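The values are calculated or read from the model by the stated rules, or taken from the named source; none is laboratory data. Owing to the predicted nature of the structure, the values given are computational and were not obtained by experimental measurement. Here the Cβ positions follow ideal geometry from the backbone for every residue, glycine too, while neighbour counts run over all protein chains shown.
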């Protein structure tokens, strides 16, 4: 007898308040690494009604213009109108100082910048080696942003969310059961027209691209309250690091709890998670298992991982010892080994802060070995 289950994942648009913060924090990481590859960064951003706050630690050989960086990100995301009650011209407060010397003394010797557990995951159910519910959710909000930025749906406004429910049969995706989209828009446009436009221009093409039948229009929810005119920080305060499940695997895999954005690669919350994804993806891409989860843990100030392990959920095609031999040969999991092996001391992080850190080409942790 076949077994049916359901799984739901969500994503958020680039103009979501939390993602505004992630992108500002990572733009600062990029700016610091561009002038000083050994820079240490741990920056948090908060945005709310007509206010931007930056706080944290940056140790860099060159002084950075934090205000200019933040305002540039906000402007690029479309927050340029006073009607949004938040824009690139909103007041900004900056509270950034240098890294604590108590942390520096351990990191200078190649140790981890913090303690924690990190998880990496991969599955062969999509070309991206990512769970289908999350991939669809990411692509939906990415398409929303594209239609707004290109003015093909000129009435859309910054911000937005998606949620996708998939039916699984015997562990494999069978159908798209329901899609939820929320996006602010010009109130002159009815919610009915919005729903039809999104069904035709967003939901249907994305589902078809992944060879899935779109859900019926009646199974689509658009702006569940029936109205959303103003999005962004004036309606929902944003903070760096609050979308860690969106950033990773849509709750398909475990999460150690540490956020990625605003941190340089000595912070294993970020680099350790990237290393774990790299190993998990290569296990699945090599055909050694249908699914893989890689677990690592670190201690502040120490170079080597405290623990490491692999879970394949009974989908392995060879022995677990063979998988481990392959996996642990891929990358030196010491902190310096990860940073060097994945070439992490360079600006590339602002791009990670929207539509997930995994499942998109162009990042070294997504590379597949020959």
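Can you spot a residue in region 303-310 that is touching a helix residue (DSSP H, G or I) at 6+ places or on another chain (Cβ under 7 Å), modelled with pLDDT of 95 or more and either surrounded by 23 or more Cβ atoms within 10 Å (Cβ to Cβ) or not in a helix (DSSP H, G or I) (or both)?
As a first pass, look at region 303-310 and keep what is touching a helix residue (DSSP H, G or I) at 6+ places or on another chain (Cβ under 7 Å): 303, 310.
Imposing the further condition that a residue be modelled with pLDDT of 95 or more reduces the set to 310.
Retained after the next criterion (residues that are either surrounded by 23 or more Cβ atoms within 10 Å (Cβ to Cβ) or not in a helix (DSSP H, G or I) (or both)): 310.
Yes; the residues of region 303-310 include at least one that is touching a helix residue (DSSP H, G or I) at 6+ places or on another chain (Cβ under 7 Å), modelled with pLDDT of 95 or more and either surrounded by 23 or more Cβ atoms within 10 Å (Cβ to Cβ) or not in a helix (DSSP H, G or I) (or both).
Scanning region 211-223 for residues that are surrounded by fewer than 15 Cβ atoms within 10 Å (Cβ to Cβ) and touching a residue at least 40 places away in the same chain (Cβ under 8 Å) yields 219, 221. In region 243-265, of all residues being in contact with a strand residue (DSSP E or B) (Cβ under 6 Å, 6 or more places away or on another chain) and at positive phi, the one that is surrounded by the fewest Cβ atoms within 10 Å (Cβ to Cβ) corresponds to 250. Of all residues assigned to region 107-127, none qualifies as being surrounded by 17 or more Cβ atoms within 10 Å (Cβ to Cβ), assigned to a helix (DSSP H, G or I) and either in the same structural domain as residue 290 (by TED's automatic domain parsing) or at pLDDT 95 or above (or both).
Only one of the numbered conditions (1) free of Cβ contacts under 8 Å to residues at least 60 places away in the same chain; (2) surrounded by 20 or more Cβ atoms within 10 Å (Cβ to Cβ); (3) over 30 Å from residue 7 (Cβ atoms) is not met by residue 73, and that is (1). Does region 4-13 include one or more residues that are in contact (Cβ under 8 Å) with a residue 24 or more places away in the chain, in a loop (DSSP other than H, G, I, E, B) and more than 28 Å from residue 164 (Cα to Cα)? No, there is no match, as no residue in region 4-13 is in contact (Cβ under 8 Å) with a residue 24 or more places away in the chain, in a loop (DSSP other than H, G, I, E, B) and more than 28 Å from residue 164 (Cα to Cα). Assess whether residue 68 counts as being over 21 Å from the mean Cα position of the chain (by Cα), outside the structural domain of residue 160 (by TED's automatic domain parsing) and in a loop (DSSP other than H, G, I, E, B). No.
State whether one or more residues within region 23-32 are over 25 Å from residue 343 (Cα atoms) and in contact with a helix residue (DSSP H, G or I) (Cβ under 8 Å, 6 or more places away or on another chain). Reasoning before the result, please.
Taking region 23-32 and keeping what is over 25 Å from residue 343 (Cα atoms), we get none.
Scanning region 23-32, I find no residue that is over 25 Å from residue 343 (Cα atoms) and in contact with a helix residue (DSSP H, G or I) (Cβ under 8 Å, 6 or more places away or on another chain), so the answer is no.
Scan the helices (runs of 4 or more DSSP H) fully inside region 164-256 and keep the ones with 3 or more residues being over 30 Å from residue 120 (Cα atoms) and touching a helix residue (DSSP H, G or I) at 6+ places or on another chain (Cβ under 9 Å).
Details: elements: 191-198, 204-209, 244-247.
Fully inside region 164-256 and qualifying: 191-198.
So that you can scan it fast, the table gives a plain yes or no per residue for (1) more than 30 Å from residue 174 (Cα to Cα); (2) assigned by TED's automatic domain parsing to the domain that holds residue 173; (3) buried (at least 20 other Cβ atoms within 10 Å of the Cβ):
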site	(1), (2), (3)
58	yes, no, yes
62	yes, no, no
80	yes, no, no
141	no, yes, yes
156	yes, yes, yes
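Against the numbered list (1) assigned to a helix (DSSP H, G or I); (2) farther than 21 Å from residue 267 by Cα, residue 52 comes up short only at (1).
Test residue 352 against the stated conditions and say whether it is more than 30 Å from residue 10 (Cβ to Cβ) and not in a loop (DSSP other than H, G, I, E, B). Quick ask: steps written out before the conclusion?
Values: more than 30 Å from residue 10 (Cβ to Cβ): no; not in a loop (DSSP other than H, G, I, E, B): yes.
In short, no.
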